[in-house]
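Written below as structure tokens is the structure these notes are about.
The values are calculated or read from the model by the stated rules, or taken from the named source; none is laboratory data. Everything numeric here is computed off the predicted structure, so don't read it as measured data. Here the Cβ positions follow ideal geometry from the backbone for every residue, glycine too, while neighbour counts run over all protein chains shown. For the accessible areas, the whole protein counts, side chains as well, though only heavy atoms, and no ligand, DNA or RNA atoms are used. Shrake-Rupley method; radii C 1.70, N 1.55, O 1.52, S 1.80 Å.
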Amino acid sequence: QVQLVDSGGGLVQAGGSLRLSCAASGRTFSNYVVGWFRQAPEKERVFVASIVRSGGPTHYADSVKGRFTISRDNAKNTVYLQMNSLKPEDTAVYYCAARTFGRYTERKDEYPYWGQGTQVTVSS
């Protein structure tokens, strides 16, 4: 099992940057794939990015590719999402999630462990 606490959200102007953090506790954190999802008001929760291991394969939604970067530091049990060139349509609650190693997936129902969510608001 793993427990996740995500943080770093806030209010930022369009074109600005934020870095989200996902701190994990529990055994064998390095054995988990970690992803970020987001949910805008009255919308479905959707995939944003994922990482297999430090320096390992990453995946990004087309809407954020080239602007967001996911990374992890297993020594600190933390995964980061660096968000640059933010747009108003990035406004959402952002959640980190974890699953054991397996086939790449963007399906939220295949991630059993979740953080509590952190609000990101981008003003125009």
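A few remarks follow.
- Contact order normalised by residue count of region 39-124, Cα under 8 Å, 6+ apart, percent: 27
- Here the Karplus relation 6.51 cos²θ - 1.76 cosθ + 1.60, evaluated at θ = phi - 60°, turns the backbone of region 108-117 into coupling constants of 5, 6, 9, 10, x, 10, 9, x, 7, x Hz, with x for every Gly and Pro.
- Which of Asp73, Asp90, Asp62 is most accessible, then next, and so on - probe 1.4 Å: Asp62, Asp73, Asp90
- Here the Karplus relation 6.51 cos²θ - 1.76 cosθ + 1.60, evaluated at θ = phi - 60°, turns the backbone of region 77-89 into coupling constants of 6, 9, 10, 10, 10, 7, 10, 10, 6, 5, 10, x, 6 Hz, with x for every Gly and Pro.
- Coarse-grained scattering of region 32-83 at q = 0.22 Å⁻¹, given as base-10 log I(q)/I(0) from a Debye sum over alpha-carbon atoms: -0.80
- Each of the peptides 94-102, 63-71, 32-40, 10-18 was scored by the mean count of other Cβ atoms within 10 Å over its residues; in descending order, highest first, they stand as 32-40, 94-102, 63-71, 10-18.
- Proximal lysines relative to Lys43, as straight alpha-carbon distance under 16 Å, when same-chain residues fewer than 8 apart are discounted: Lys108
- Once you divide the Cα radius of gyration of region 80-124 by 2.2 N^0.38 Å, the number left is 1.39.
- Per-atom-type breakdown for the chain gives carbon and sulfur 46% of the accessible area (1.4 Å probe, protein chains only).
- In this rough spin-label picture, where each label sits 7 Å from Cα along the Cβ direction, the Gln3-Glu89 distance is 3.8 nm.
- Average accessible surface area per residue within the chain, 1.4 Å rolling probe, Å²: 53
- When the Cα positions of Trp114, Val52, Leu20 are compared along the charge dipole of the chain, Val52 comes out farthest toward the positive end, with charges on each C-beta of Lys, Arg, Asp and Glu.
- Here the chain is assigned +1 on the Cβ of each Lys and Arg and -1 on the Cβ of each Asp and Glu. Its dipole about the Cα centre then comes out at about 320 debye.
- Considering all C-alpha pairs of the chain, those separated by over 18 Å amount to 46%.
- Antiparallel content of DSSP bridges confined to the chain, in %, to 5: 95
- The 3J(HN,Hα) values that the Karplus relation (6.51, -1.76, 1.60; θ = phi - 60°) gives for region 90-100 are, in residue order, 7, 4, 4, 8, 9, 10, 8, 8, 9, 8, 5 Hz. Gly and Pro appear as x.
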